[in-house]
Amino acid sequence: MMSDIQTRVAVLETKEGQPFILRANPTIKEIQGFVREQNRRVDVGAPAGPSGIPARHITSAKYFDNEVDMYEGKSGTDISGAVGIGA
Amino acid sequence: MAYILMQQGEDAFIRTTLAGVAASPAIPNPGGNWGLAMATTAVGSNTAANKERVMSTTSGTGKIQEIGQSVAGGYARAPIVRSAVGWPNPTGHPGASYSSTSPQQSFSFTGAPTANGAASWWLCKGTTGISVGSDDLMFGADLAAIRNFAAGDTENITISYQQT
């Protein structure tokens, strides 16, 4: 029997609109690394992935206990400062 | 681009709907979530077993190897709600073949997953519960190219289904 239990996700809102979703219970350190790398790509004009999707400006970050909570409009835990956004 | 409707998908689409026979594993309840997965196995390979494949942490004949099972690197199946705003979201027109398209899903990576090298996407019966021998594949198709992911990468996938 399949379970719908999910691990915590980090949702990174972007200036361009579409958020980044980091699944599989990412740590603060892992999210920091993603933010740094994404900012670097924005600065040098590199794509955000092998498909050529443009890199995006990350504006805030939140933890959600379950990804579905985000889609249902629940409020997550703001971790923007902890991962170096707006510092 | 190669694509395939798996035996589990046939059960859900035809036998379950028309005969009322429950699928095993069960499809999500209305409002529950399908899982969108990526795998290293291309649809066009392993053709000898292409009617009934299983998710597996190892590759091999008749098996679909999902990425990120040893090292996630930020990967997990993306949830798609079982409803008309998720999938199936009918987009076909009367008089034409039925078709449906789900909202775009994104995957972002905090590191290189193991296994890496996604060649295909799959609509699965659940968002978790992956195990060797777990046959929960509905349908899938090849990606435009094999994608090797690293920290900072993101991938967008929009699934579409059409009966012909």
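The values are calculated or read from the model by the stated rules, or taken from the named source; none is laboratory data. Given the structure is predicted, the values throughout are model-derived calculations rather than measurements. Positions of Cβ are generated from backbone atoms using ideal geometry, with glycine treated the same way; all protein chains shown enter the neighbour counts.
Numbers at a glance
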| read-out | value |
| --- | --- |
| Subset of the stretch B:75-99 that is among the small types (Gly, Ala, Ser) and either touching a residue at least 60 places away in the same chain (Cβ under 8 Å) or crowded, with 22+ Cβ neighbours inside 10 Å (or both) - its residue that is farthest from the other protein chains (Cβ to nearest Cβ) | B:Ser97 |
| Failed condition for B:Phe139, given (1) surrounded by 18 or more Cβ atoms within 10 Å (Cβ to Cβ); (2) more than 10 Å from every other protein chain (Cβ to nearest Cβ); (3) out of contact with any helix residue (DSSP H, G or I) (no Cβ under 7 Å at 6 or more places or on another chain); (4) not aliphatic (A, V, I, L, M) | (3) |
| Subset tally (residues that are facing another protein chain (nearest Cβ under 8 Å) and out of contact with any Phe, Trp or Tyr (no Cβ under 8 Å at 6 or more places or on another chain)) for the stretch B:112-133 | 2 |
| Any hit, the stretch B:3-16, residues being polar (S, T, N, Q) and within 14 Å of another protein chain (Cβ to nearest Cβ) | yes |
| Any hit, the stretch B:110-117, residues being modelled with pLDDT under 80 and within 16 Å of the chain's Cα centre (by Cα) | no |
| Long-range neighbours under 6 Å by Cβ, at least six apart or interchain, first residue in contact (Cβ under 8 Å) with a residue 40 or more places away in the chain and facing chain A (nearest Cβ under 10 Å) within the stretch B:100-111, second surrounded by fewer than 16 Cβ atoms within 10 Å (Cβ to Cβ) and hydroxyl-bearing (Ser, Thr, Tyr) | B:Gln104/B:Thr158 |
| Single match in B:Glu66, B:Glu155, B:Glu52 (criterion: more than 9 Å from every other protein chain (Cβ to nearest Cβ) and either out of contact with any Phe, Trp or Tyr (no Cβ under 9 Å at 6 or more places or on another chain) or more than 19 Å from B:Gln7 (Cβ to Cβ) (or both)) | B:Glu52 |
| Selection count where residues are β-branched (Val, Ile, Thr), at pLDDT 95 or above and surrounded by 15 or more Cβ atoms within 10 Å (Cβ to Cβ), scope the stretch A:42-55 | 1 |
| Answer from B:Phe107, B:Phe139 - the residue that is more than 19 Å from B:Ala12 (Cα to Cα) and part of a strand (DSSP E or B) | B:Phe107 |
| Boolean, A:Glu13 is surrounded by 14 or more Cβ atoms within 10 Å (Cβ to Cβ), in contact with a Pro (Cβ under 6 Å, 6 or more places away or on another chain) and within 9 Å of another protein chain (Cβ to nearest Cβ) | no |
| Strands (runs of 3 or more DSSP E) lying entirely in the stretch B:1-60 (those with 1 or more residues that are of a type outside the set (Val, Ile, Thr) and modelled with pLDDT under 80) | B:3-5 |
| Only listed residue being without any contact (Cβ under 8 Å) to a residue 60 or more places away in the chain and buried (at least 16 other Cβ atoms within 10 Å of the Cβ), chosen from B:Ala37, B:Ala72, B:Ala12 | B:Ala72 |
| Search result, residues across the stretch A:54-69 that are part of a loop (DSSP other than H, G, I, E, B) and of a type outside the set (A, V, I, L, M, F, W, C) | A:Arg56, A:His57, A:Asp65, A:Asn66 |
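Every residue, every condition in (1) crowded, with 19+ Cβ neighbours inside 10 Å; (2) more than 9 Å from chain B (Cβ to nearest Cβ); (3) aromatic (Phe, Trp, Tyr); (4) at negative phi, yes or no:
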| position | (1), (2), (3), (4) |
| --- | --- |
| A:Ile31 | yes, no, no, yes |
| A:Arg36 | no, no, no, yes |
| A:Arg40 | no, no, no, yes |
| A:His57 | no, yes, no, yes |
| A:Thr77 | no, yes, no, yes |
